[in-house]
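The values are calculated or read from the model by the stated rules, or taken from the named source; none is laboratory data. From a predicted model like this one, the values you see are computed outputs, not experimental measurements. Cβ coordinates were reconstructed from backbone atoms using ideal geometry, including for glycine residues, and neighbour counts include every protein chain displayed. Side chains included, ligands, DNA and RNA excluded: accessible areas come from the protein's heavy atoms. Shrake-Rupley method; radii C 1.70, N 1.55, O 1.52, S 1.80 Å.
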Amino acid sequence: MDFQRYNRQIILPEIGFEGQQKLNDARVLVIGAGGLGCPILQYLVAAGVGNLGIVDADTVSISNLQRQILYTTDDLNKKKVVVAKERLLAINPNVNIEIFPVNLDTENALDLFGKYDIIVDGSDNFATRYLVNDASVMLNKPFVSGSIFKFEGQVSVFNYQNGPTYRCLYAEPPTAGSVPNCSEIGVIGTLAGIIGTMQAAEVIKMITGAGEVLSAKLLVFDMLSMRSQIIKFKAVAENKAITKLLDYQVICGDFPIENTDTIDKERVEKWLEEEKDFQLIDVRNPHEFERDNIGGINIPLDDLLESIHELDIDKEIVFCCQTGLRSAKAIELLKSVGVEGRFLNLAGGI
């Protein structure tokens, strides 16, 4: 054991040599090497967690650099897990790191989770969160969950020592597109660091036995006011009775809501170039539209029902947003109140 490296935590009575040895022997799998995953991984490696797995299929993009602090401009288009492993080993070469450049899915989740003691969820979508929960329950693995939204974050520990699961707090997944993600609504970069560090702290507490783990408790943190609160919740017995994994992408993934007709960006651009007689409606917020748009008029999704009079129902109407989720929701919303027309959703967004 490298006493000098870990001296500041070994001298803590709650950690000591025994706790440090537990950290060295621990096996932790981190889902996602993004905004939450970066600080999670950095602090676990620095603390001497001896065996880490990282699951992420993404490559580094320039929009990541605002909050994903393991990466630099020179890393653009490189595999995140490859870059992350290199940087983490530079922090602490004494840890074992296994990388999995794949998307977590129902085919690989159980095999991956089976190799590790603790799962840490740093994902950014509900499909993965429910998959992590259900696979963890099936294998009786505890997992640390974190999420961020604009200026607010949440942290909890699920399935720990027979405690509540994620479904005990959020019983059913939201429908596709009903909750915008960070690419749709935005997030402040420092919040990812705060919440990710809290997740790493929960892992260290679970391994060493120090402190009180956030099981059956949800910590909610508001960065704008620097206030936090803890919400307690109870286990629901039937949420432990999970025997198979589901198709989570269909239930709550990035698919158009209901069966909306779609159109691709190239065709829309051609229509604009040819001055085709159609209407293009961008349902993002005004500041998003002003920053970047492909034309048309801006009617934010929240204002759509109050602005139906602005729709030219006699024409084909193409709805667009950043990713195609809010625009699909816009079409569903119009249909739900009986508005009929030739509506198309810009697949994949602008």
Open item on the list: I'm told residue 105 meets every condition in (1) among the acidic types (Asp, Glu); (2) out of contact with any Cys (no Cβ under 9 Å at 6 or more places or on another chain); (3) within 25 Å of residue 206 (Cα to Cα); (4) modelled with pLDDT under 95 except one. Can you identify the failing condition by its number?
Closed with: (3)
Open item on the list: Residues that are within 25 Å of residue 276 (Cβ to Cβ) and open to solvent by 40 Å² or more (accessible area, probe 1.4 Å): does segment 300-308 have at least one?
Closed with: yes
Open item on the list: So if I check each of 56, 75, which one is within 24 Å of residue 132 (Cα to Cα), surrounded by 15 or more Cβ atoms within 10 Å (Cβ to Cβ) and not aromatic (Phe, Trp, Tyr)?
Closed with: 56
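Considering segment 112-160 alone, what residues qualify as being assigned to a loop (DSSP other than H, G, I, E, B) and either under 16 Å from the mean Cα position of the chain (by Cα) or modelled with pLDDT under 95 (or both)? Before the answer, list the steps.
Filtering segment 112-160 for residues assigned to a loop (DSSP other than H, G, I, E, B) gives 115-117, 122-125, 140-142, 151, 159-160.
Answer for segment 112-160, where residues must be assigned to a loop (DSSP other than H, G, I, E, B) and either under 16 Å from the mean Cα position of the chain (by Cα) or modelled with pLDDT under 95 (or both): 122, 123, 124, 125, 151.
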Open item on the list: Could you go through segment 126-148 and let me know if any residue there is surrounded by fewer than 19 Cβ atoms within 10 Å (Cβ to Cβ) and of a type in the set (A, V, I, L, M).
Closed with: yes
TODO: May I ask you to list the residues in segment 98-114 that are closer than 12 Å to residue 131 by Cα and touching a residue at least 12 places away in the same chain (Cβ under 8 Å)?
DONE: 103, 104, 105, 106, 109, 110, 113
- [ ] Check whether at least one residue in segment 343-350 is among the β-branched types (Val, Ile, Thr) and at pLDDT 90 or above, and report yes or no.
- [x] no
Open item on the list: Within segment 309-350, take every residue that is of a type in the set (Ser, Thr, Tyr) and open to solvent by 20 Å² or more (accessible area, probe 1.4 Å) and give me the one that is nearest to residue 275 (Cα to Cα).
Closed with: 323
Open item on the list: Could you check segment 184-204 and list, in sequence order, the residues that are open to solvent by less than 50 Å² (accessible area, probe 1.4 Å), part of a helix (DSSP H, G or I) and not β-branched (Val, Ile, Thr)?
Closed with: 184, 189, 191, 192, 193, 196, 199, 200, 201, 202
Open item on the list: Residue under question is residue 276, and the condition is that it be touching a strand residue (DSSP E or B) at 6+ places or on another chain (Cβ under 9 Å) and without any contact (Cβ under 8 Å) to a residue 12 or more places away in the chain; does it hold?
Closed with: yes
- [ ] Look through 48, 32 and report the one residue that is within 15 Å of the chain's Cα centre (by Cα) and at positive phi.
- [x] 32
TODO: Go through segment 3-20 residue by residue and tally those that are surrounded by 15 or more Cβ atoms within 10 Å (Cβ to Cβ), over 16 Å from residue 92 (Cβ atoms) and not aliphatic (A, V, I, L, M).
DONE: 2
Task: Which listed residue is in a loop (DSSP other than H, G, I, E, B) and of a type in the set (D, E, K, R), from 107, 98 - done: 107
- [ ] Could you check how many residues of segment 78-119 are open to solvent by 80 Å² or more (accessible area, probe 1.4 Å) and among the polar types (S, T, N, Q)?
- [x] 3
- [ ] Pick out, from segment 237-311, the helices (runs of 4 or more DSSP H) lying fully within it that include 1 or more residues that are at pLDDT 85 or above and of a type in the set (Lys, Arg).
- [x] 265-273
- [ ] Within segment 210-234, track down each residue that is assigned to a loop (DSSP other than H, G, I, E, B) and open to solvent by less than 60 Å² (accessible area, probe 1.4 Å).
- [x] 210, 213, 214, 216, 223, 225, 233
